[in-house]
Amino acid sequence: MNESPNDRDPLEQLADEFAARCRQGESPSIAEYATRYPRFAGQIAGLFPAVAMLEQLRIDERARRKSAAVRDWSGRQPAQLGDFFILRELGRGGMGIVYEAEQRSLARRVAIKVLPKHVLLLDRHLLRFQREAQTAARLRHTNIVPVFGAGEHEGLHYYVMPLVRGVGLDEVLRAMRTAGDSAAAHTATGRISSAREIADVVRELVAGKFPETPASPRGDSRDGRPAAGFCGPLQGGPRGLRGDGWRSVARIGVQAGEALQYAHEQGTLHRDIKPSNLLIDDQGVVCVADFGLARAVDPAGASQTSGVAGTLRYMAPEQLRGEADARSDVYALGLTLYELLTQRPAFQGPDRSPSPNGRPVRLDPVPPRRIDAAIPRDLETIVLKCLAAEP
């Protein structure tokens with residue numbers, strides 16, 4: 001940028017250029033700007049993270065509006081996509097609609113994620129959709145939702161997954177909070193420990209969502225895991241939500257953690273771990289889904305500057321500055337486990353707002369045992385370790 005004499009502050013011009021690049025879908029490097037313009041390096045380091053955060057908030061708002069458009073979409077449910085006959089809708093989100101379908105050639109039930117035509121307003125939406133399918137197709141782990149294939153039918157882009165008879169942890173949290181609020185009104189203390197009800201909540205939600213769908217067939221592969229393409233518990237690993245509620249939360253964390261470790265070892269960051277992207281079935285098996293924001297892991301293990309990406313409520317502090325590595329996924333998992341334990345987010349909205357240096361106002365959550373003394377101290381320690389402010 002040529003700093004020609006004018007009435008505008010050069011730093012303001014740089015900030016405008018940086019913001020414009022963010023709006024165009026780029027991921028400009030704050031460190032690169034500081035190197036290119038050493039005169040303003042200190043001010044860039046303090047100002048640009050906040051600019052990136054504000055632009056991400058605008059992007060999130062557009063995504064929410066687009067998600068609302070998907071929910072309100074009046075388009076007719078497709079009857080068939082290639083070899084797949086659509087049976088019913090399972091769910092909707094900002095990047096597509098998931099249907100239950102029958103693959104006639106193989107006589108099996110599957111799930112199909114479809115990108116509606118009206119979402120194809122920008123090439124990057126299709127690119128993200130395709131990247132999600134390609135990334136998941138490369139990962140073969142019992143706790144990661146795999147991809148069977150992808151295709152396009154009459155302008156509708158889709159990819160095919162196993163039918164996971166499960167629900168998102170966001171649905172589980174909503175049900176637990178509702179049950180907790182109702183029960184708390186009838187207790188002397190005004191609160192109960194809803195974590196002990198996870199197993200019952202999951203079974204009820206799954207039974208309501210899949211009343212007649214037969215369980216997916218399972219076969220063992222040579223490494224002792226279920227055949228590729230089906231989420232399932234590890235041999236000898238966590239099975240079901242047996243025991244007290246806190247152990248159930250721990251088992252959820254173990255399975256999601258092992259899936260993330262595997263993804264990281266394969267060179268993939270998820271960057272959007274949150275309750276809605278963790279599916280759990282009525283046997284307590286957890287599967288990680290939605291790799292739409294995934295990117296490569298730095299082999300050296302250093303944080304990568306790539307622009308702000310993810311869901312604000314579940315971002316690590318360094319992710320708010322546009323930097324992320326494998327530990328950022330662990331932080332997001334810690335936030336999810338915190339909510340399962342306490343029935344509330346670790347940080348409220350204003351706590352995640354950027355201060356002048358781009359860091360959130362609050363870096364440390366309230367310890368879970370202050371909210372519920374029944375939570376085991378060891379489990380609290382693990383969750384707070386995940387949520388350490390410094391990576």
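The values are calculated or read from the model by the stated rules, or taken from the named source; none is laboratory data. Everything numeric here is computed off the predicted structure, so don't read it as measured data. Please note: Cβ atoms are built from the backbone with ideal geometry, for glycine as well, and neighbour counts cover all protein chains shown. These accessible areas exclude ligands, DNA and RNA; they are computed on the full protein's heavy atoms, side chains included. Shrake-Rupley method; radii C 1.70, N 1.55, O 1.52, S 1.80 Å.
Which condition number does residue 81 fail, the rest of (1) modelled with pLDDT of 80 or more; (2) more than 30 Å from the chain's Cα centre (by Cα) being met? Just one mismatch for residue 81, condition (2). Taking the conditions (1) of a type in the set (A, V, I, L, M, F, W, C); (2) at pLDDT below 95; (3) closer than 20 Å to residue 203 by Cα in turn, residue 256 satisfies each one other than (2).
Cβ-Cβ contacts under 9 Å between residues 6 or more apart (or on different chains), taken from a first residue in the stretch 25-52 that is without any contact (Cβ under 8 Å) to a residue 24 or more places away in the chain to a second residue that is open to solvent by less than 50 Å² (accessible area, probe 1.4 Å) and not in a helix (DSSP H, G or I), are listed as 35/29.
Take residue 286 and decide whether it is at pLDDT 90 or above and surrounded by fewer than 21 Cβ atoms within 10 Å (Cβ to Cβ). So residue 286 fails the test.
Residue count for the stretch 155-164 satisfying the condition of being in a loop (DSSP other than H, G, I, E, B) and either crowded, with 17+ Cβ neighbours inside 10 Å or in contact (Cβ under 8 Å) with a residue 40 or more places away in the chain (or both): 2. Scanning the stretch 291-321 for residues that are touching a strand residue (DSSP E or B) at 6+ places or on another chain (Cβ under 8 Å) and at pLDDT 80 or above gives 316, 317.
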